[in-house]
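Below is one structure; the comments refer to it alone.
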Amino acid sequence: MAIKITDDCINCGACEPECPNAAIYEGAIDWRWKDKTTLSGKITFPDGTENDADAYQQAYSDDVYYIVPGKCTECKGFHEEPQCKTVCPVDCCIDDPDHREADETLFDRQKFLHQ
């Protein structure tokens, strides 16, 4: 499953640089698939959908840091545990029950993002 940041976030930013996929963004900041990945230009996702890796996508939150579920791998392929959870001083990085995913899915995502 992906991780989410709750409204308890104090906007300290400790989590953002720890994410190997740049799945974490400051509130109100738009995000891109290409950020800290090898993706660029027109990309076709494993589910067949297409997108432009260079295009900005709308922020998921305007108030606090947020995690893009489609970029989160829970640090699989990089670390033994999610680094955002490790460094968060207020424990607001939690498992997201709306995005439960098997380890295989997370490892496949890591390989796709860093081809």
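What follows draws every value from the coordinates through simple rules; no lab data is involved. Computed from a prediction, not measured in an experiment: that's the story for all the values here. When we count neighbours, we look across all protein chains shown, and the Cβ atoms used for this are built from the backbone with ideal geometry, even at glycine.
Here are the numbers for this structure:
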| quantity | calculated |
| --- | --- |
| Least to most buried among 49, 86 (fewest other Cβ within 10 Å first) | 49, 86 |
| With 5 Å bins from 0: P(r) over segment 71-115, alpha-carbon pairs, percent | 5, 22, 28, 26, 14, 5, 1 |
| Cα pair distances exceeding 26 angstrom across the chain, given as percent | 13 percent |
| When each of 4/42; 4/76; 42/85; 71/111; 42/111 is checked by Cα-Cα distance, pairs over 20 Å | 4/42; 42/85 |
| Range of Cα positions in segment 1-61 per principal axis (Å), largest first | 36, 21, 20 |
| Amide hydrogen neighbours beyond the local backbone of residue 54, cut-off 5 Å, H modeled | 41 |
| Using alpha-carbon coordinates, inclination of helix 103-113 to the longest axis of the chain, degrees | 70 degrees |
